[in-house]
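The values are calculated or read from the model by the stated rules, or taken from the named source; none is laboratory data. Remember, it's a predicted structure, so these values are computed and weren't measured experimentally. Here Cβ is always computed from backbone atoms with ideal geometry, including for glycine, and neighbour counts include all displayed protein chains.
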């Protein structure tokens with residue numbers, strides 16, 4: 001019975017959660033906190049906070065964790081599949097439909113029109129990241145890190161994941177200001 005409830009709960013999230021995480025989160029809350037009462041509000045908030053700090057889509061991370069918590073490994077697989085199957089099915093149907101009309105001018109125009117919109121969305125996201133970095137690091141360090149990252153990733157061909165990993169290791173291993181000053185002398 002729990003497996004079926006997990007499937008239905010996350011299938012509804014997958015079917016109705018258009019627009020990504022922001023639209024999925026309230027749906028997950030409604031299902032797991034209000035309807036099935038698998039989690040309290042505080043537990044849900046903790047899972048949401050941790051899920052947002054990890055890479056990847058929030059809906060599948062939450063589905064995996066909640067499914068595992070409710071019904072173990074099979075619950076995890078069940079909830080994740082129920083979350084992604086609707087999206088995959090819709091993509092297959094839409095792409096099949098569009099590819100059958102590929103030679104039509106309206107389809108070509110539609111796909112060409114999407115490219116600049118996606119470009120603008122990525123540019124806005126890049127600008128937001130740059131502005132946030134500048135606010136925390138200052139202009140000089142932000143510009144230097146942007147330039148060095150560009151050279152290492154685009155010119156040297158180093159995978160971005162490796163660059164991020166090195167920066168995370170540096171942040172974890174660098175001595176704090178307290179350590180450099182000799183610690184707290186109380």
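Please find, among 101, 97, 130, the residue that is more than 21 Å from residue 24 (Cα to Cα) and at pLDDT below 80. The conditions single out 101. Of all residues in the range 132-148, those satisfying the criterion of being surrounded by 10 or more Cβ atoms within 10 Å (Cβ to Cβ) and closer than 20 Å to residue 163 by Cα are 132, 133, 134, 137, 141, 142, 143, 144, 145, 146, 147, 148.
Restricting the range 69-106 to residues that are in contact (Cβ under 8 Å) with a residue 40 or more places away in the chain and closer than 18 Å to residue 47 by Cβ, the residue that is surrounded by the fewest Cβ atoms within 10 Å (Cβ to Cβ) is 71.
When restricted to residues that are loosely packed, with under 14 Cβ neighbours inside 10 Å and outside any helix (DSSP H, G or I), the range 1-60 contains 9. Of the residues making up the range 63-74, not a single one is at pLDDT below 90 and either in a helix (DSSP H, G or I) or farther than 24 Å from residue 4 by Cα (or both).
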